[in-house]
1. Note down the net charge around Thr73, summing +1 for each Lys or Arg and -1 for each Asp or Glu among other residues with Cβ under 14 Å from its Cβ.
2. Roughly what % of DSSP beta bridges within the chain run antiparallel, to the nearest 5?
3. Of Lys167/Lys251; Lys277/Lys457; Lys307/Lys349; Lys277/Lys316, which sit over 24 Å apart, Cα to Cα?
4. Normalised by the residues of the chain, what does the relative contact order come to in percent, with Cα pairs under 8 Å and at least six apart?
5. Amide H of Leu180 versus every other amide H placed in the peptide plane: which residues, excluding those fewer than 5 positions away on the same chain, fall under 5 Å?
6. As an exercise, identify the chymotrypsin sites (Phe, Trp or Tyr not before Pro) in the stretch 68-148 lying in DSSP coil whose Cβ has no more than 10 other Cβ atoms within 10 Å.
7. Compute the projected area of the convex hull of the Cα atoms of the stretch 261-448, averaged over all viewing directions, and report it in nm² to one decimal place.
8. Tell me the Kirkwood radius of the chain: reciprocal of the mean inverse pair distance over distinct alpha-carbon atoms, in Å.
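Read the figures in this text as sums done on the coordinates, not as results from a lab. Please read all numbers here as calculations on a predicted model, not as lab measurements. Positions of Cβ are backbone-derived with ideal geometry, glycine not excepted, and every protein chain shown enters the neighbour counts.
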Amino acid sequence: MNAPDKTTVSAYRPLSLIDGEWTSGGGPEEAVTNPVDRSVLGTFAHVTEDDLARAVAAASRAFVSWRSMPVRTRVQMLERAAQLLRERGEDIARTMTLEQGKPIGEARFEVERAANLVSWDAAEAQRAYGRVIPMEPGLQHTVVRQPIGPVASFTPWNFPLSSVIRKVAGPLAAGCTVVLKASEETPATACAAIRCFTDAGVPPGVINLVFGVPATISSYLIAHPAIRAVAFTGSVPVGRHIGALAAQHLKPAILELGGHAPVIICADADIEDACLKLVAAKYFNAGQACISPTRFLIEAPVYEAFKTRFVELASKVTLGNGLEPTTMMGPLANQRRIDAIVELVEDAKARGADVLCGGRAGGAQGTFFEPTVLENVPEDARIATSEPFGPVALLSRFERLDEAITRANSLPYGLAGYAFTRSSRAAARLTEEVECGMLSINHLWTGTAEAPFGGVKDSGYGREGGEESLDGYLVTRLVSHRAA
């Protein structure tokens, strides 16, 4: 089957890509729905084990030539892929909104971010070289960095474009090939992303895209001897399983997992600025982000002022179809998220929490949930320790910075953290003591291409982005040569 053109993609027929051929999988068909009204967008087919075998064989075969290709040639293809992402941005953004529900403005932002990620990794490919270690006369130690081999990558639905790009651009820049299992809830977005690489000239087999039952695909790919590394973004429970599978087969893994991000608001903070930024960040992507600010720890003297303004702004967040320009927050991605958040909020209420705004699923048609703010959430409430992954903020007060830091570090998560303060002394303490992979002080963005992205503790290990972007896809070897 030939690669689908733009018309085919816009008509919604997501396909797998195996060894350069766009094809329906040989497994059962599955429908994809629009979360705004639950209407069926179209269907795609799951891959079979035979399909997976072909994908791995293609990645293994293509690795030999891709790793040997001049770096500059690979870089030119990646730069062209970034250009195509930008040129096709409006179509890709619309597809993303239809599948995932996020407002079109957020989808456009994700397209631009994805293109920047490709450009950054392309640049890093030109700096992925080793070094020479001075030794005694006649002896030379050379450190060589080489691509590790075919990579099995797994991506979620919440950022269906940028997550795919993270898991493709880095390995390709390093000289690796990829078998990508993208989310079954946002398949057309993944197809559109991968088409930018194939249309940029990336040879057949270098990228392979498959859809199907996650557990079946992960078990097959990670155990396969041709797969040399694993990259996964998703929940902590699934990440534990993926990490255990990789460890069982002695394969390195990059795991970018969930969080339950603390926000520390000091009494000297600019409350208006903090509230404006935090409401925008909390309800961005309907709170379906691993770095979403969730546990708000507010110093007692400014607690009431912060609460009043935050709730006022949260109450004005408009829900609706992401394609409408007035929509500030779209639906949740699926009914599972609605059910999970309803359960968490009801549990918190039953244990004494107060709902300051929201707290309900909104409307019978789509999967909407109101922007929600809770206070007086007891420590034994499930939402206090489990990532809600939705539009829910938990407000509580603290008396001393020591207390805030202790509470911020009290959970096993450690992905993102946030703080607002004008004090350099407080900022220094927060920098030193808050346990997270990424800390933002007086602003809310941690996902730029130039910076490393990843967590500590149960939020995973390994880094994507920054000068560390290719590290997980390279092996470091020593060549020691004594002149004969």
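1. Net charge in that neighbourhood comes out at +3.
2. Numbers: 28 of 66 bridges.
Of all bridge pairs located within the chain, approximately 40 percent are antiparallel.
3. On the way: Lys167/Lys251 16 Å; Lys277/Lys457 27 Å; Lys307/Lys349 18 Å; Lys277/Lys316 14 Å.
Over 24 Å Cα-Cα: Lys277/Lys457.
4. Numbers: 1130 pairs, mean separation 87.1, N = 484.
This gives 18 percent for the chain.
5. Ser153, Asn208, Leu209, Val210
6. Numbers: sites: Phe109, Trp120, Tyr129; in loops: Tyr129.
Listed in order of number, the matching sites are Tyr129.
7. Values: hull surface 41.3 nm².
Computed as one quarter of the Cα hull surface, the answer is 10.3 nm².
8. Working: mean 1/r = 0.0429 Å⁻¹.
Averaging 1/r across every pair of different Cα atoms and inverting gives 23.3 Å.
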